[in-house]
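What follows is one structure encoded as structure tokens, with my remarks underneath.
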Amino acid sequence: RTTLAIFAGVLASPSFDEERFTQAVNEFIEDLRRQNDNPREVAGRELAKAVYGAHPLGRYPSPATVRAVGRGDLVAFHRRYVQPNHTLLAVSGDIDRRTLEAALTEVLGGWPRQSVAFPAVPPPGPTPAPIILHVQRQIVQSVIRMGHLGIEKDNPDLHALRVMDFTLGAGGFNARLMRRIRSDEGLAYSVWSGFEIGRRYPGIFRAGTETRSATTGRTIALMREIMGNMARRAVTAQELTLAKEAIVNAFVFGFTDAERVVNQRARVEFFGYPEGYLEDYRDRIAAVTADDVLRVARAYLHPERMATVVVGDAGGFDRPLGDFGPLREIRLEP
């Protein structure tokens, strides 16, 4: 009960200590100062900005925007948006429901309810016209990221896309990208792809790898070719079986302890997942056919529409990036 009382106090009436606030701001700004050190992080960030455009999901903080936030802004934000009637509390442990409800009523029963007017955020628009974005870095390996707008959780093709994901790039050494680019061609140590399933708005389809500067163009062309082939012919019976069995067998690991179980249930409730999402997941994966995989590849996978970000040394590339589409150089802010 002591711990629960402390938790309730932090939740309902946090102090936002001035010293800790200042420390958090300084740490955040220091992280931003180093945000361009890792070329993988640079590529991922620039891809999201390219795909989402002016939408809030494509915005990233800067030292100036962080410094513009004061402690009073946090207090006002909490007062406006953190209300009991918009809070979901998930609990797992050795405690019966009646005892828990009594304890929660004791520590949170006096938290007043208030109406909340959340700002309207429109869905992101279509992915902008395909473009090649280059960040010049004198590094021995080019970092390549490709992507376009994907789907959200309510899409009825979600399960077929999961199977396609595995076959194309999410299945490690069992995926086409890894087999062809690493195992057959020796162009990269790792290569991957996958649809991020958005919970409120569409996520991003991403594909990525790192390769030597001298094989940058060859790798981009091969990745596009492999992705394009997903929409040209059906997966084999072996690929289909392997993908479905792997996804179904891995699903159980999301429920290996009480914390994972309660987190899964809270996520489903909070984001309004479709009825029976968890209960029916494995059966829906098992029901996916080769025709389903081909259909969703044709409907949702568009290598010709992707934004492609390359962080690397243009002086060492095997072919100009402009061969792959309109090219824009990105100058990173310090």
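Using a 7 Å offset from the Cα along the Cα-to-Cβ direction at both Arg97 and Asn38, what is the distance between the two label points in nm, to one decimal? Going by the 7 Å Cα→Cβ label model, 4.2 nm.
At a probe radius of 1.4 angstrom, the accessible area of the chain per residue rounds to 56 square angstrom. Taking every alpha-carbon pair under 8 Å whose residues sit at least 6 apart, the chain reaches a relative contact order of 27 percent. Computed extension length for Phe28-Gln238: 70.8 nm, one decimal, from 0.36 nm per residue of separation with the Cα-Cα distance subtracted. The length gained on full extension between Arg113 and Arg267, counted as 0.36 nm times the residue separation minus their Cα-Cα distance, comes to 53.2 nm. Between Phe7 and Arg282, what FRET efficiency follows from the Cβ-Cβ distance if R0 is 30 Å, with the result rounded to 0.05? Calculated transfer efficiency: 0.30.
Label sites at Ile330 and Ala64, each approximated as a point 7 angstrom past Cα along Cα to Cβ, lie 1.9 nm apart.
Only protein atoms count toward the accessible area here, which uses a 1.4 Å probe; on the chain, the carbon and sulfur part of that area reaches 52 percent.
The values are calculated or read from the model by the stated rules, or taken from the named source; none is laboratory data. Computed from a predicted structure; not experimentally measured. A quick note on method: Cβ atoms are made from the backbone with ideal geometry, for glycine too, and the neighbour counts reach across all protein chains shown. Heavy atoms of the whole protein, side chains included, go into the accessibility calculation; ligands, DNA and RNA do not. Shrake-Rupley method; radii C 1.70, N 1.55, O 1.52, S 1.80 Å.
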